[in-house]
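What follows is one structure encoded as structure tokens, with my remarks underneath.
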Amino acid sequence: MSIHTTKKSIKNLFEEPLAKPKKPFLIAPDSLSFKEATDEIGLVMQLFAQRRLKKGDVILLCIENDADLVVFLLAAFRYGLLTSILAIENTSVEARCLVQHVRPQAVVCSQEILDRWKSQSVLDDTELSMALGVARRNTSTRKRLRSLFSSSDASEGAVDTYPAVVEQLSPLPAPPDEPEMTDFSSLVFTSGSTGTPKVVRLTYEAVITQAKVMSDQLGLNRDSVMLSLIPFTSLGAAASGALLSFMNGSTFVRPVRKFSNQSIPDILDTIYSKRVSHFFLSPAMMQLLLRYGENLKETFDTEDFECFLSMSATLPKQVWESFEEKTGKEVVNSYGLSEANNLTFTGPRIAHRDTNSVGKVLVGQWKILDSCDNPVDIGEVGELVVSGPTVMYDYLGSSDATRDVLCDGWFRTGDLARHDADENIFITGRSKDVVIVGGNNVYPEEVDDNIRLHPGVEDTCSLGMEDSIMGEILVSCVVRRDDSLDAAALISHLNGRISPIKIPAKVVFVDEIPMSERGKADRNKLREQIAGELGTSKAGGSSSLEAKVIAIAAETFMIESNKLESTSNYSNTLGWDSLGHVMFVEALGVSFNVEIEPIDVLKIHTISDAVELVEKKLTEQEG
């Protein structure tokens, strides 16, 4: 595939959408037409120029509101800034580490986060030309940009708060220095096998090529309506969301910021009511839709809907086939990494489609090498190595780490694979220890480093275990120095140090960590050792139904049972997130030997709801 690498091509991406200015660009809690988005992009670019930002400067975005995030993302892309997106769930400890890696010239986040970061010295070592707070938008729908400004806080305290900060500015039609395809556009946080943060540096060519490949493969056009709930911290969300929609003049739908089983009814209603044509999601989301989404075939039985795109994690064959059967629509599978974007696709127009495969490499070159770096024969397993325009330029500020994976333009993925005679790629495993939890990369060594900081821990080894919903969950095996240490205390120690997604789903105490001949933790042996223990339910111990449910919840959420009561719910209970909710409900079904229907799961909001449901199921069984 060839792509034009002229200066004009980037400019054209922002001119094409104006052909239909009133058409919806973003449909979210705060929506934007293409005209509104273009106006705001111009205003934000004027703000960049006013604050003396220049092409090549780094901007860090940590914004909860999707409309604001999309505007700043596209404005930075158009202006020529290197954009890095940080999850609002990151702790201050994590944020400080990541900020020190990218050394941003500008930071945009909510006023609350900005105040917290300043008080906790997150930005102390960074010289900023702009640290900007983002105020809550006061209206969920707007017909004119001025309605937003008229309701904004224009007090002295808001002079560095968006959108009040741009109220007196005029849109900048073009950046002072046009970005080119060979310039750097994006910084993506990732980690190596040791969990040490790395920053992937990508060019405009890499990001735009990725978006064009996806557009061509899925047949996107101005009539397309795309729904994507992939986190924006993933490059795929930028390329397959805001930028992809903008460059095609199509509509981008994002009804909720984060996917959860509680949001499934709203998501399905949006798909039908907004005439969504393409839905980008992870295998974990597909699992939850299969389990808790009702009438899937009816929802997707429209002439508008075309296909799903599975991304962010390995798609199991059973999930793939079940999803197509239940929805009546085709799933397009893809495979990629932060360092190389989405590399392969299978469907909707690829011959020899195979649900065991991640498809074909559509741009660039690939090879599969054995341990001596020789190409393997058809059907043999080796490491997948790739090159091409979507591959990263380097790891920012880490030449040693770059040399470990990148040589003469060829990137070593660390994934084990084989291929067939039709050049379909089959991923068979990973040579790296990364655990993919619901499409999110979690690096065991990073978790272990933080666990070892607890004075009651002698040693630890975290690893991934298969999970029917999330694909994998993280389990931490811990050797105690202090026998009084329990899982709840350890989880409490980790909270505030690492993001919630990195908190282990289970903590197992072991006598020792088995070691390999090379003196490293033998995760395979440890995985076999704890498999039986993880399959054993420990719920119970009380004749009270509520006490039993609380015991199950305490074990699932890894908190002390005395911190739970009948009114406890997922908004006030640590660990009761989307993953925790699913695990809690499944544990209830197993422990009480009752079948819980998908519609029942969505009705559980508190411990009291769970008790009432279990009581009802037990009564029905007796009857």
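What follows is calculated from the coordinates using simple rules that are stated; it is not laboratory data. These numbers come from a predicted model, not from an experiment. Counting neighbours? That spans all protein chains shown, and the Cβs are built from the backbone with ideal geometry, glycine included.
Here are the numbers for this structure:
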| read-out | value |
| --- | --- |
| Restraint check, LYS329/LYS367; LYS35/LYS55; LYS274/LYS329; LYS326/LYS548; LYS11/LYS198, Cα-Cα greater than 27 Å | LYS329/LYS367; LYS326/LYS548; LYS11/LYS198 |
| Distance in nm between pseudo-label sites at ASN572 and ASP408 (7 Å out along the Cβ direction from Cα) | 6.4 |
| Neighbourhood charge, 10 Å Cβ-Cβ cut-off, centred on SER110 and excluding it, Lys, Arg +1 and Asp, Glu -1 | -2 |
| R0 of 22 Å, Cβ-Cβ distance ARG222-GLU303: FRET efficiency to nearest 0.05 | 0.85 |
| Which of LYS297, LYS502 has the fewest Cβ neighbours within 10 Å, and the rest in rising order | LYS297, LYS502 |
| Gain in span if fully extended, GLU423 to LYS367, counting 0.36 nm per residue against the direct Cα distance | 19.2 nm |
| Which labelled figure in (i) 42; (ii) 55; (iii) 37 is percent of Cα pairs over 37 Å apart, once derived from the coordinates | (iii) |
| The chain - share of DSSP beta bridges that are antiparallel (%, nearest 5) | 60 |
| Estimated FRET transfer efficiency (GLN100, GLU178; beta-carbon r; R0 35 Å; 0.05) | 0.70 |
| Unit charges on C-beta of K, R, D, E only; dipole of region 435-534, Debye | 240 |
| For region 545-622, size of Cβ-based charge dipole, Lys and Arg +1, Asp and Glu -1, in debye | 160 |
| Lone cysteines, the chain (no partner Cβ under 4.7 Å) | CYS97, CYS307, CYS372, CYS407, CYS461, CYS477 |
| Centroid-to-centroid separation of region 312-388 and region 245-304 [C-alpha atoms, Å] | 23 |
| For GLU586, net neighbour charge (Lys/Arg +1, Asp/Glu -1) across residues whose Cβ lies under 12 Å away | -1 |
| Residue exposure sequence - THR567, THR460 - by fewest surrounding Cβ within 10 Å | THR567, THR460 |
| Efficiency of FRET from Cβ geometry, ARG452 and ASN374, R₀ 25 Å, rounded to 0.05 | 0.05 |
| VAL361, VAL405 arranged by Cβ crowding within 10 Å, fewest neighbours leading | VAL405, VAL361 |
| Full-stretch length increase - ARG136, SER608 - with 0.36 nm per residue and alpha-carbon distance subtracted | 166.6 nm |
| Burial order of peptide ranges 75-86, 408-419, 109-120 (average beta-carbon count within 10 Å, highest first) | 75-86, 408-419, 109-120 |
| Distance in nm between pseudo-label sites at VAL479 and ASP124 (7 Å out along the Cβ direction from Cα) | 3.5 |
